[in-house]
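The values are calculated or read from the model by the stated rules, or taken from the named source; none is laboratory data. In this text the structure is predicted, and so the values were computed from the model without any measurement. In this analysis, Cβ positions are derived from the backbone assuming ideal geometry, glycine residues included, and neighbour counts consider all displayed protein chains. With ligands, DNA and RNA removed, areas are computed over all heavy atoms of the protein, side chains included. Shrake-Rupley method; radii C 1.70, N 1.55, O 1.52, S 1.80 Å.
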Amino acid sequence: MEASTPAFEERLVTFSYRGRLFLCRAERLDDQTYRPVVICRGQSADQADTELPADTDNASYGTEAEALRHAEQQAMRWVHDRTGDGQAQA
């Protein structure tokens, strides 16, 4: 039986921001585009992880790096939206 190997290796970026832990990845949609995906880890063992919804109509990017950068910015905006701090600042 032959093992199946993916055609590419997906990179996962983890970072914390204002006490929240995020997992970001760039999901390959086709040969030319990537979609940012952001997961916010639950803050306790009984709290589920949350996948953030797409925050823009243009949910695909030409490179993995662009999609990952957007995912990180999206995570920061998500935190600010929930803490009343306004727009995220880099």
Worksheet item: Looking only at region 51-61, which residues are small (G, A, S) and either at pLDDT 95 or above or open to solvent by 50 Å² or more (accessible area, probe 1.4 Å) (or both)?
Response: A54
Worksheet entry | Any pair with Cβ under 6 angstrom, 6 or more apart, that starts in region 21-33 at a residue that is without any contact (Cβ under 8 Å) to a residue 40 or more places away in the chain and at positive phi and ends at one that is open to solvent by 80 Å² or more (accessible area, probe 1.4 Å) and assigned to a strand (DSSP E or B) | none
Worksheet item: Restricting attention to region 13-50, which residues are within 23 Å of R82 (Cβ to Cβ), open to solvent by 90 Å² or more (accessible area, probe 1.4 Å) and at pLDDT 90 or above?
Response: R18, R41, D46
